[in-house]
Amino acid sequence: MKFIILGANGQLGREISKQLKAKKSIKLHQYTKKQLNILNEKILFDKISLINPEVIVICAAYTNVDKAEIEKNICKKINFESIKFITKLCNKNNILLVYYSTDYVFNGKKKFPYKEDDIICPINYYGKSKAMAENYLAKFSNNYLIFRTSRIFSKSSKNNFFYKIISKLNTNKILNVVNDQSSCIISTKSLAKISIKIILKLKYLNASNKHKIQNIFHISSKDSLTFYENAKIILSYLKKMNPKKYNGKLILPIKSKLLKQLAKRPKKSSFNVSKTEKLLKIKLPNYNSEIRNFFYNDL
């Protein structure tokens, strides 16, 4: 089975590429933004037509939530407009299109964790760009998988909440972190592993019954926590590993309105992951195990 990974140099793209390379049954073609820009339709057409893959995984994305409020045009081009052209190519060549979306497609007003079929209603432009792509795929794609995820992190990239907290704790004695926004977390290692399992299982079932693959799955930790709670747990591990350096550090809760962020964030955007667990017959990790693995294992 031939896979194309677009955006292979991001923290998720690197991990998916790494795990797919380890599978002998898969021939992987991976491309960074410089090697294959998803906004260049001609080069995309030529490359995809030449390789003729069974699966295209889009890891390329515009992810700066606040900057998206200013750079709406480029955000829309990367997260939505590119999907329209790639969808046409996939439909023409019977290719499964895999798209990663976000908890930010929801407004965060629901009391309970969001299910896959809940109505999406984003409150910032980043979420809106992802929602537009989701709606387009649902309407026009013959074969697609949408994986909604939340607050991903890894050791291979410094551009995530974990490293930002660690970096700030290295230079500040007291750190203020918002305590009125909660969501789930997931390591790129877990996210990639679960994503690949779903893709391969549904591709196998599809080969047997000839049905189209048109589905959405939530992939995250089973439970949620606020950014403040997340930061507190990170600090607790740092204190265990290097008490001399971190014992005097403090993390204090603040309201998100005090940050004066450009983009609104949903207050509660946790996921119900029972659909994913039922399909794969597994239990998704909780946030405690994911954080512990970040510090003590190879994530």
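The values are calculated or read from the model by the stated rules, or taken from the named source; none is laboratory data. These numbers come from a predicted model, not from an experiment. FYI the Cβ positions are ideal-geometry reconstructions off the backbone, even for glycines, and counts take in every protein chain you see. Heavy atoms of the whole protein, side chains included, go into the accessibility calculation; ligands, DNA and RNA do not. Shrake-Rupley method; radii C 1.70, N 1.55, O 1.52, S 1.80 Å.
For the chain, taking Cα atoms only, what is the radius of gyration to one decimal and the Dmax to the nearest whole Å?
19.4, 61
Expected output is a single nm value to one decimal: the length gained when fully extending between residue 73 and residue 241, i.e. 0.36 nm times separation in residues minus the C-alpha distance. What is it?
On the way: separation 168, 0.36 × 168 = 60.48 nm, distance 4.43 nm.
The residue 73-residue 241 span can extend by a further 56.1 nm.
Given q = 0.17, 0.19, 0.24 Å⁻¹, what are the Debye log10 I(q)/I(0) values for the range 34-140, with equal point scatterers placed on the Cα positions and solvent ignored?
Evaluating at q = 0.17, 0.19, 0.24 Å⁻¹ gives log10 I(q)/I(0) of -0.82, -0.98, -1.32.
What does the helix-only formula give at 222 nm for the chain: each DSSP H stretch with n ≥ 4 adding -39500 (n - 2.57), the total divided by the residues, and the result rounded to the nearest 500 deg cm²/dmol? Working shown, then result.
Numbers: 11 runs with 124 residues, N = 299.
Counting only the DSSP helices, I get -12500 deg cm²/dmol.
Would you mind checking 21/189; 168/245; 76/278 for any pair whose Cα atoms are more than 25 angstrom apart? Before the final figure, lay out each step's value.
Numbers: 21/189 14 Å; 168/245 13 Å; 76/278 34 Å.
Checking Cα-Cα distances, 76/278 exceed 25 Å.
Under 15 Å from the Cβ of residue 110, count the other residues' Cβ atoms, weight Lys and Arg +1, Asp and Glu -1, and hand me the total. Walk me through the intermediate numbers first.
Details: positive: 109, 111, 115, 148, 265, 267, 268; negative: 103, 116, 117, 118.
Neighbourhood net charge equals +3.
Kindly work out what percent of the DSSP beta bridges joining two residues of the chain are antiparallel, to the nearest 5. Could the numbers behind the result be given before it?
Values: 2 of 35 bridges.
Roughly 5 percent of the DSSP beta bridges within the chain come out antiparallel.
From Cα pairs below 8 angstrom and at least 6 apart in sequence, can you work out the relative contact order of the range 186-255, rounded to a whole percent?
Values: 21 pairs, mean separation 18.7, N = 70.
For the range 186-255, the relative contact order is 27 percent.
Evaluate the charge dipole of the range 241-290 about its Cα centre and quote only its size in Debye, nearest 20, assuming +1 on the Cβ of each Lys and Arg and -1 on the Cβ of each Asp and Glu. Before the final figure, lay out the partial values.
Details: 14 positive and 2 negative charges, 59 e Å.
For the range 241-290, the charge dipole is close to 280 debye.
Whenever you get a sec, compute what percent of the accessible area on the range 180-255 sits on carbon and sulfur atoms (1.4 Å probe). Working shown, then result.
Details: 1970 of 3570 Å².
So the carbon and sulfur contribution to the accessible surface is 55 percent.
Starting from the Cα gyration tensor of the range 209-299, take the square roots of the eigenvalues, sort them a ≥ b ≥ c, and report rounded, prolate or oblate (rounded when a/c is under 1.5, otherwise prolate if a/b is larger than b/c, else oblate).
Numbers: a/c = 3.47, a/b = 1.57, b/c = 2.21.
Cα axes put the range 209-299 in the oblate bin.
Residue 96's amide H: which non-local residues (gap 5+, or another chain) put their own amide H closer than 5 Å, with H modeled 1.01 Å from N in plane and none for Pro or chain starts?
Hits under the 5 Å cutoff: 55, 56.
Using R₀ = 45 Å, calculate the FRET efficiency as 1/(1 + (r/R₀)^6) where r is the Cβ-Cβ separation of residue 283 and residue 50; round to 0.05.
Working: r = 41 Å, r/R0 = 0.91.
Rounded to the nearest 0.05, the efficiency is 0.65.
Which distance in nm do the two modelled labels at residue 35 and residue 171 give, with both placed 7 Å along the Cα-to-Cβ direction?
Here the modelled spin labels are 3.3 nm apart.
Could you sort 29, 211 by their accessible area in this structure, using a 1.4 Å probe and putting the largest first?
Output order, biggest surface exposure first: 211, 29.
Using the crude model of +1 on Lys and Arg Cβ and -1 on Asp and Glu Cβ, and no other charge, please compute the dipole size for the chain relative to its Cα centre, in debye to 20.
Values: 58 positive and 19 negative charges, 116 e Å.
Computed about the Cα centre, the dipole is about 560 debye.
Note down the nm distance, to one decimal, between modelled labels 7 Å out along Cα→Cβ at residue 25 and at residue 140.
Rounded to a tenth, the inter-label distance reads 3.3 nm.
Determine the shape class of the range 1-68: with a ≥ b ≥ c the square roots of the Cα gyration tensor eigenvalues, call it rounded for a/c under 1.5, and otherwise prolate if a/b is greater than b/c, oblate otherwise.
Working: a/c = 2.69, a/b = 1.27, b/c = 2.12.
Oblate, since a/c reaches 1.5 and b/c is not below a/b.
Once the piece of chain linking residue 295 and residue 66 is laid out straight, how much longer is it, given 0.36 nm per residue of separation minus the C-alpha distance between them?
On the way: separation 229, 0.36 × 229 = 82.44 nm, distance 2.86 nm.
Here the answer is 79.6 nm.
Can you tell me, using C-alpha contacts under 8 Å and at least 6 residues apart, the relative contact order of the chain as a whole percent? Walk me through the numbers on the way to the answer.
Details: 537 pairs, mean separation 62.1, N = 299.
21 percent.
Could you give each residue of the range 114-122 its phi-based ³J(HN,Hα) in whole Hz, using Karplus coefficients 6.51, -1.76, 1.60 with θ = phi - 60°, and x for Gly or Pro?
6, 9, 4, 9, 5, 5, 8, 7, x
Could you give each residue of the range 189-199 its phi-based ³J(HN,Hα) in whole Hz, using Karplus coefficients 6.51, -1.76, 1.60 with θ = phi - 60°, and x for Gly or Pro?
Once θ is set to phi - 60°, the couplings for the range 189-199 become 5, 5, 4, 5, 4, 5, 4, 4, 4, 5, 4 Hz.
Sequence-distant or interchain residues sharing an amide H contact under 5 Å with residue 254, placed H: which?
For residue 254, the qualifying residues are 177, 178, 179.
Once both labels are modelled 7 Å past Cα along the beta-carbon direction, what's the residue 180-residue 197 spacing in nm?
Each label point lies 7 Å from its Cα, and together they span 3.8 nm.
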